[in-house]
Amino acid sequence: MPSSPQQEQQQQQQLSSVSFNQDSTCFSAATNTGFIVFNTHPFSRAFNRTFSFPLSFVHMLFRSNIFALVESHPTSPPHKVIIWDAHRSSCLCELSFRSDVRSVRLRNDRIIVVLLHKIFVYNFLDLKLLHQIETFANPKGLCEVSSLANSFVLVCPGLEKGQIRVEHFGSKRTKFVLAHDSVIASMALTLDGRLLATASSKGTLVRVFNTLDGSLLQEVRRGTDRAEIQSLAFSSNARWLAASSDRGTIHVFNLKLDSVSPGNCGLQSPPEQPSSPRSPISSISFMKGVLPKYFSSEWSMAKFHLQEGIQYIVTFGQQENTVIIVGMDGSFYRCTFDPVSGGEMTQVEYHDFLKPKQPAES
């Protein structure tokens with residue numbers, strides 16, 4: 001029996017990457033035929049664009065019509081970045097490079113292009129090259145930037161294994177932080193750029209740093225076995241930190257910013273919550289000098305289990321105590337967690353976003 005046009009479309013459409021916009025109100029999916037944008041709440045397909053060439057990466061600027069696209073041709077590496085105006089369906093500008101583009105980040109005033117060993121920072125209005133940053137080998141294109149207009153902080157791998165480079169462009173300060181002994185695998189930055197979360201290729205620990213002085217604020221444990229932490233995300237109030245791993249687990253950690261003195265970097269402690277949750281810590285932590293370190297580690301307070309081996313990215317939803325998960329298998333999950341008792345998260349929504357939209361009934 002021949003396939004229907006809808007079946008053929010679903011079979012032919014292949015995901016290259018997925019990414020959330022800066023406030024997690026949307027996510028974009030790069031495919032072999034173009035890109036699709038979805039609203040995260042309520043979940044809906046916002047629009048899609050089809051091109052004659054496949055895309056390896058797409059990044060959306062907030063909820064605007066501006067996108068950064070990275071071409072991906074079967075016969076040539078992804079060397080070109082296109083800044084695309086979806087409203088006019090036109091290219092605003094192109095940036096070409098001599099090596100593969102690993103990722104792109106956008107601010108209202110800057111375009112940041114990440115290559116394997118270098119990061120370029122351009123002024124958005126005139127494409128003037130403002131900064132060039134040398135990095136350790138960065139095949140994942142790791143780089144995060146703050147999103148607030150009055151704060152421009154950029155974090156990326158440093159020049160050594162396990163090192164993070166923090167650029168405060170407003171105050172023209174550079175800080176190097178030795179975050180891990182192993183290669184950096186994932187990182188996240190708060191919108192104001194004051195908090196940084198990192199994980200290494202071991203995938204057992206996640207560390208939270210103050211970007212102004214590089215001090216370690218908190219260390220939490222994903223597990224004891226090696227895993228790849230695929231994404232990290234702070235909640236908008238910096239009370240929670242989420243992580244996804246290739247073991248199919250999503251973790252939510254309770255952040256304890258009240259341990260940071262307000263004079264440290266201007267950080268404000270989150271408001272007191274009734275029955276404030278406690279991260280699970282071993283009851284025999286008084287023996288931490290004798291027993292292995294994981295007995296005294298802070299573990300996640302909430303978890304969600306998915307299919308192992310699928311790449312997932314995670315963020316926090318607009319609704320309180322909500323986590324959104326998007327998978328490279330075309331899956332969209334919305335889950336809630338109990339901020340007091342924690343435990344297993346509750347799935348409240350699921351969609352296969354690659355499934356063609358069904359025509360409305362007449």
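Table: residues versus (1) among the β-branched types (Val, Ile, Thr); (2) surrounded by fewer than 18 Cβ atoms within 10 Å (Cβ to Cβ); (3) at pLDDT 90 or above.
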| residue | (1), (2), (3) |
| --- | --- |
| Ser261 | no, yes, no |
| Cys265 | no, yes, no |
| Tyr312 | no, no, yes |
| Glu344 | no, yes, yes |
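Would you mind telling me which numbered condition in (1) over 23 Å from Gly309 (Cα atoms); (2) surrounded by fewer than 17 Cβ atoms within 10 Å (Cβ to Cβ); (3) in contact with a Ser or Thr (Cβ under 9 Å, 6 or more places away or on another chain) Arg194 fails?
Answer for Arg194: the failing condition is (2).
Return yes when Asn65 is over 25 Å from Leu142 (Cβ atoms) and modelled with pLDDT of 90 or more and no when it is not. Quick ask: steps written out before the conclusion?
Numbers: over 25 Å from Leu142 (Cβ atoms): yes; modelled with pLDDT of 90 or more: yes.
Yes.
Checking Leu130 against (1) in a loop (DSSP other than H, G, I, E, B); (2) in the same structural domain as His59 (by TED's automatic domain parsing): exactly one of these is not met. Which one?
Of (1) in a loop (DSSP other than H, G, I, E, B); (2) in the same structural domain as His59 (by TED's automatic domain parsing), only one is false for Leu130: (1).
Only one of Leu142, Leu148 is at pLDDT below 95, part of a loop (DSSP other than H, G, I, E, B), within 19 Å of Asp192 (Cα to Cα) and within 18 Å of the chain's Cα centre (by Cα). Can you tell me which?
Leu148
Among Ser3, Ser52, which is the only one that is within 25 Å of Gly330 (Cα to Cα), in contact with a helix residue (DSSP H, G or I) (Cβ under 9 Å, 6 or more places away or on another chain), in a loop (DSSP other than H, G, I, E, B) and at pLDDT below 95?
None of the others qualify; the one that does is Ser3.
Which is surrounded by 15 or more Cβ atoms within 10 Å (Cβ to Cβ) and over 29 Å from Val183 (Cα atoms), of Phe120, Phe57, Phe62, Phe67?
Phe67
The values are calculated or read from the model by the stated rules, or taken from the named source; none is laboratory data. Note that the structure is a prediction, hence the values are computed from the model and not measured. Positions of Cβ are generated from backbone atoms using ideal geometry, with glycine treated the same way; all protein chains shown enter the neighbour counts.
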